[in-house]
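The values are calculated or read from the model by the stated rules, or taken from the named source; none is laboratory data. Computed from a prediction, not measured in an experiment: that's the story for all the values here. So basically every Cβ, Gly included, is an ideal-geometry build from the backbone, and we count neighbours across all protein chains shown. All accessible areas refer to the heavy atoms of the entire protein, side chains included, with ligands and DNA or RNA removed. Shrake-Rupley method; radii C 1.70, N 1.55, O 1.52, S 1.80 Å.
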Amino acid sequence: FLLTSKTIMGRGFPLYGINTGHLGFLASGEAQSAVRDMRKILERDYSTFPRIPLKGEIVRDGRCVQCVWALNEVMVVKSFVSRPIALSVHMGNGKLYSIQADGIIAATPTGSTAYALSAGGPIVHPGVRCAVVIPVCPHSLYPRPLVIPDTEALRIKLESPACGALLSGDGQDNMDLAPGDEVVVTSDTEKKIDVVSLGDETYADVLRGKLNWS
């Protein structure tokens, strides 16, 4: 689903997923109803909900050298198991904090139920226009998950004196970072993805079913 989303970002094609795994928050369809669902889609009996991806730009010596897009999350993470990385995190023109950690996750509301949730982030309704910033295993108790408006740019600067970090988009596009690199994360409305929804199931129904809430 995530790989296909990168192919069709901003092209206006609706995206429908069939869940053949476990949670499958993005894949609303089930294998046993796939044929029936495809008939409804071919008859245009469906609705779509826009999902806004994040764009992560590597800025080096004042210019953008590489980009990733992600439906779930953009991450700056360490590339060595035993060594944390030193980062400074800024929102717009203001500094939030400096931190030593395994990394930083910037997640969309869509991605709030993926890696971000495992890292201690909140579940965010996909209709909320925001991004979630989550430190991964910080060496401090103070930096906490933070919800920011999708109009704000998040800037993550690699302060470590040696290499050992990378930028990742949805865990697929991995790019090495150099000391002093800055990753600028923004919401990219031009790359929106229309996810297909069938039936009258609400987001509350989805959460209750996927997470086994009573």
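Here are the numbers for this structure:
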| read-out | value |
| --- | --- |
| Cross-link table Lys55/Lys78; Lys55/Lys95; Lys40/Lys191; Lys6/Lys95; Lys55/Lys192; Lys78/Lys157, entries beyond 23 Å C-alpha to C-alpha | Lys40/Lys191; Lys6/Lys95 |
| Alpha carbon centroid spacing (whole Å) that separates the stretch 45-60 from the stretch 159-214 | 9 |
| Derived scalar couplings ³J(HN,Hα) [the stretch 141-147; Karplus, 6.51 cos²θ - 1.76 cosθ + 1.60; whole Hz; x for Gly, Pro] | 8, 8, x, 10, x, 9, 9 |
| Built amide H within the under 5 Å cut-off of Asp181, gap 5+ | Leu158 |
| Under 10 Å, Cβ to Cβ, from Ile8 - net charge with Lys/Arg +1 and Asp/Glu -1 | +2 |
| Amide H within-cut-off set for Ala165, under 5 Å, with H built and near neighbours excluded | Ser79, Leu177 |
| Long-range HN-HN contacts of Leu15 with modeled amide H, under 5 Å | Asp194, Val195, Val196 |
| Charge context of Val124, other residues only, Cβ under 14 angstrom, K/R +1, D/E -1 | 0 |
| Largest-first ellipsoid semi-axes for the stretch 92-160, taking √(5λ) over the Cα gyration tensor eigenvalues, angstrom | 20, 15, 9 |
| Accessible area expressed per residue, the chain, with surrounding protein chains retained (probe 1.4 Å, Å²) | 52 |
| Percentage of interatomic Cα-Cα distances in the stretch 73-128 larger than 14 Å | 61 |
| Sulfur and carbon atoms: percent of accessible area, the stretch 71-214 [1.4 Å] | 52 |
| Value of Rg to Rh for the stretch 92-214 (Rh from inverse mean 1/r over Cα pairs, i.e. Kirkwood) | 1.00 |
| For Ile52, net neighbour charge (Lys/Arg +1, Asp/Glu -1) across residues whose Cβ lies under 9 Å away | +2 |
